[in-house]
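The values are calculated or read from the model by the stated rules, or taken from the named source; none is laboratory data. A quick note: this is a predicted structure, and the numbers were derived from the prediction, not measured. So basically every Cβ, Gly included, is an ideal-geometry build from the backbone, and we count neighbours across all protein chains shown. Surface accessibility is based on the protein's heavy atoms, side chains included, excluding ligands, DNA and RNA. Shrake-Rupley method; radii C 1.70, N 1.55, O 1.52, S 1.80 Å.
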Amino acid sequence: MNKSSRNVMTFSGGIHPAGDGKDLSCRHAVRGAPILERYFVLLAENAGKPPVPVVKKGDKVKKYQLIARADGFVSANLHAPTSGEVGGIVEVPGPMGVPAAAIEIIADGEDRGDPPFDPIENWETVDPEILRQRVIDAGLVGMGGASFPCHVKLSPPADKKIDELILNGAECEPYLTADHRLMFEHPRKVARGAAIFGRILGVRRPVIGVEINKGDAIEALERFEDHFGVTVVPLKVRYPQGSEKQLINAITRRTVRSGGLPMDAGCVVQNVGTAAALSDAVMKGIPLVERIVTVTGDVVVSPGNWKLKIGTPAIEAVKLAGGVTEEPGKLIFGGPMMGFAQKSFQVPIAKNTSGILLLPTKLSVNYESSGCIRCGRCVQGCPMHLMPCLLSTAIEADRFDLAYQNHVMDCMECGSCAYVCPDHRPLVQNIRRAKAELRKQLANNGK
């Protein structure tokens, strides 16, 4: 495909939030961070079962050492982000608003530790199963937000033929630029990770989808297309372009059926950050113990991107950015659309923490359960082609059965409906409540 003639791809629906805030941090190179006195590595850092600790209070650990072993197939290993002593299994403020268990590492300041795995330099010819095992050993998870154990997607059932591998470099969330800087500064690592994923799945030409507001990243990645056998696809700036189903539709024109998975459409989607981590795990033999995090917001003194160790408390990341100019109205892990508001600056970052966002009070929206005015904007904006107005009205009447019949479980909770609602109705909040209630009912019926 001639690079100059490539079409800009997109999906049907979605929105483009005004003033996306990316200019606050996108021009600043990724910076390192000094060693802290303490790190708090959350146990529940992956979708599925949390890993089981294999260290106890008083144990000496080296950087990269296994500190918690995966418990079952849908689980992921945890490794020490630095060398020091285990302070114990402690309770810290968690990213979901409730206390969470974490392994405290009291750093010795030396950051000592050898890579625990041998490099796999012949990855292009080695048995794919060896590469898949490296993914497991290194504790790789989806780093775009979902934190799904990476190896699960790389182990499709025999009846699922995967012929498309897509790397998500859209980074459509406002304010976040961690993936942008990663792709621009380390394009070789990202492209190599894509090719290794392709080797594992048997996909010959992986695709990297990048929104066109990251032109420098697109150009950087294109230089490695032929070398690693990948294709860079430019995407229209449209939220939520980076959602799996929307990304698949934009690039392949395939549709994932209601209630289905990308595998049902012959596709696997991975984040560019996960690809870079895979490249390090294969070529350097190191597990996932740090990641790039955007620290930004209208009240942050010096927004930017930092490479932070897993377990870094949010307050320490904010200090690196110079602190704040005023008391923030909201602290969010992730972006303003799909991120989660936090109650404490002591919440530690995890493998899926893409950003720490601080918004002023004037940008904090208060939602009200007023009557729907039937304007239809939420229907136009819904990328899943649902009717959020109908769903929310049914949920407010506790008619979860009606919500289920109208496919509430297909909602990805992207927040597009709530963003465009002129009456500030809590549409996505109601939908989250319904999905939680329906899951509880399903669990109770299964007893």
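Could you please let me know if residue 346 is in contact (Cβ under 8 Å) with a residue 40 or more places away in the chain and farther than 24 Å from residue 172 by Cα?
Judged against the criteria, residue 346 is a match.
Do we find a residue being surrounded by fewer than 18 Cβ atoms within 10 Å (Cβ to Cβ), part of a loop (DSSP other than H, G, I, E, B), modelled with pLDDT of 95 or more and among the charged types (D, E, K, R) anywhere in the range 78-86?
No, that holds for no residue.
When the range 10-19 is examined, which residues are found to be open to solvent by less than 40 Å² (accessible area, probe 1.4 Å) and either touching a helix residue (DSSP H, G or I) at 6+ places or on another chain (Cβ under 6 Å) or at positive phi (or both)?
Taking the range 10-19 as the starting set, the residues that turn out to be open to solvent by less than 40 Å² (accessible area, probe 1.4 Å) are 10-11, 13-15, 17.
Listed by number, the residues that qualify are 10, 11, 13, 14, 15.
Of the numbered conditions (1) of a type in the set (A, V, I, L, M); (2) touching a Ser or Thr at 6+ places or on another chain (Cβ under 9 Å); (3) under 30 Å from residue 76 (Cα atoms), residue 321 satisfies every one except a single condition; which is it?
It is condition (3) that residue 321 fails.
Can you tell me which condition residue 53 does not meet? The list is (1) of a type outside the set (Phe, Trp, Tyr); (2) open to solvent by 20 Å² or more (accessible area, probe 1.4 Å); (3) modelled with pLDDT under 95, and all the others hold.
Answer for residue 53: the failing condition is (3).
Out of the range 34-47, which residues are assigned to a loop (DSSP other than H, G, I, E, B) and open to solvent by less than 40 Å² (accessible area, probe 1.4 Å)?
Within the range 34-47, the subset assigned to a loop (DSSP other than H, G, I, E, B) is 34-37, 43-47.
Those that are assigned to a loop (DSSP other than H, G, I, E, B) and open to solvent by less than 40 Å² (accessible area, probe 1.4 Å): 36, 43, 45, 46, 47.
Counting only residues that are hydrophobic (A, V, I, L, M, F, W, C) and within 15 Å of residue 276 (Cα to Cα), give me the strands (runs of 3 or more DSSP E) lying completely in the range 149-264 with at least 1 of them.
Working: elements: 164-169, 207-211, 231-235.
Counting at least 1 such residues, we get 164-169, 207-211.
In the range 20-32, which residue that is open to solvent by less than 70 Å² (accessible area, probe 1.4 Å) and not basic (Lys, Arg) is farthest from residue 384 (Cα to Cα)? Before the answer, list the steps.
Pass one, the range 20-32, residues open to solvent by less than 70 Å² (accessible area, probe 1.4 Å): 20-22, 24-26, 29-30, 32.
Still in the running and not basic (Lys, Arg): 20-21, 24-26, 29-30, 32.
Numbers: 20: 22, 21: 25, 24: 30, 25: 30, 26: 29, 29: 35, 30: 35, 32: 39 Å.
Residue satisfying both the conditions and the ranking: 32.
Examine the range 17-24 for a residue that is assigned to a loop (DSSP other than H, G, I, E, B) and either more than 20 Å from the chain's Cα centre (by Cα) or among the hydroxyl-bearing types (Ser, Thr, Tyr) (or both), and state whether such a residue exists. Please lay out each step first, then the result.
So in the range 17-24, the residues assigned to a loop (DSSP other than H, G, I, E, B) come out as 17-21.
Next, only the ones that are either more than 20 Å from the chain's Cα centre (by Cα) or among the hydroxyl-bearing types (Ser, Thr, Tyr) (or both) stay: 18-19.
Within the range 17-24, one or more residues are assigned to a loop (DSSP other than H, G, I, E, B) and either more than 20 Å from the chain's Cα centre (by Cα) or among the hydroxyl-bearing types (Ser, Thr, Tyr) (or both).
Residue 85: among the charged types (D, E, K, R), more than 23 Å from residue 346 (Cβ to Cβ) and in contact (Cβ under 8 Å) with a residue 24 or more places away in the chain, yes or no? Outline the logic, then answer.
On the way: among the charged types (D, E, K, R): yes; more than 23 Å from residue 346 (Cβ to Cβ): no; in contact (Cβ under 8 Å) with a residue 24 or more places away in the chain: yes.
Taking the combined requirement at face value, the residue does not satisfy it.
Name every residue in the range 271-306 that is of a type outside the set (A, V, I, L, M), farther than 15 Å from residue 131 by Cα and touching a Lys or Arg at 6+ places or on another chain (Cβ under 7 Å), in order of residue number.
So in the range 271-306, the residues of a type outside the set (A, V, I, L, M) come out as 271, 273-274, 279-280, 284-285, 287, 290-291, 294, 296-298, 302-306.
Pick out the ones that are also farther than 15 Å from residue 131 by Cα and you get 271, 273, 290-291, 294, 296-298, 302-306.
Those that are of a type outside the set (A, V, I, L, M), farther than 15 Å from residue 131 by Cα and touching a Lys or Arg at 6+ places or on another chain (Cβ under 7 Å): 273, 290, 291, 304, 305, 306.
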